[in-house]
Amino acid sequence: MCENKRFYIKIDGYPMEVTEEIYRAYKRPAWAERKRREVRAEHELSLDMMPGGVIGPQLPLDEAVLNAILLSDALASLSEEERALIDALFYEGLTEREYAARAGSSQQNINQRKNRILQKIKKHMAS
């Protein structure tokens, strides 16, 4: 613990000095929620993340439609387990840790599987 530091939380708009332990307990839920939002933002799958982008001012409509079809086809080529992972992470907004708990696996394992699946999607779209 930091002995020279002072910790404050606002109660009814007024700062109140508290111990570091109370400060951390008070702030922990907000920190956890911020971390969850950051993780979800990192893992959002959008069509414009795919090779060459999908929708944007630089793409003619026919090319954007083609890329969307390629992405749809790539997603359809996934196994049920692969699609379940992608759906959970990118469409349901679960974190890797949340999905790992649901699947009875580790977060590291889910991360590795996700990366392999994304490479598979990219490769499918490039061919």
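The values are calculated or read from the model by the stated rules, or taken from the named source; none is laboratory data. Fair warning: this is a prediction, and the values are worked out from it, not measured in the lab. In this analysis, Cβ positions are derived from the backbone assuming ideal geometry, glycine residues included, and neighbour counts consider all displayed protein chains.
Quick notes
- Only residues that are under 30 Å from Glu63 (Cα atoms), within 12 Å of the chain's Cα centre (by Cα) and assigned to a helix (DSSP H, G or I) were counted in the range 86-127, giving 7.
Residues are listed down the side, and each one gets a yes or a no for (1) modelled with pLDDT under 75; (2) on the phi > 0 side of the Ramachandran plot; (3) surrounded by 15 or more Cβ atoms within 10 Å (Cβ to Cβ); (4) touching an Asp or Glu at 6+ places or on another chain (Cβ under 7 Å):
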site: Ala30; (1), (2), (3), (4): no, no, no, no
site: Arg37; (1), (2), (3), (4): no, no, no, no
site: Glu44; (1), (2), (3), (4): yes, no, no, no
site: Met50; (1), (2), (3), (4): yes, no, yes, no
site: Ala64; (1), (2), (3), (4): yes, no, yes, no
site: Ile69; (1), (2), (3), (4): no, no, no, no
site: Leu75; (1), (2), (3), (4): no, no, yes, no
site: Glu80; (1), (2), (3), (4): no, no, no, no
site: Ile86; (1), (2), (3), (4): no, no, yes, no
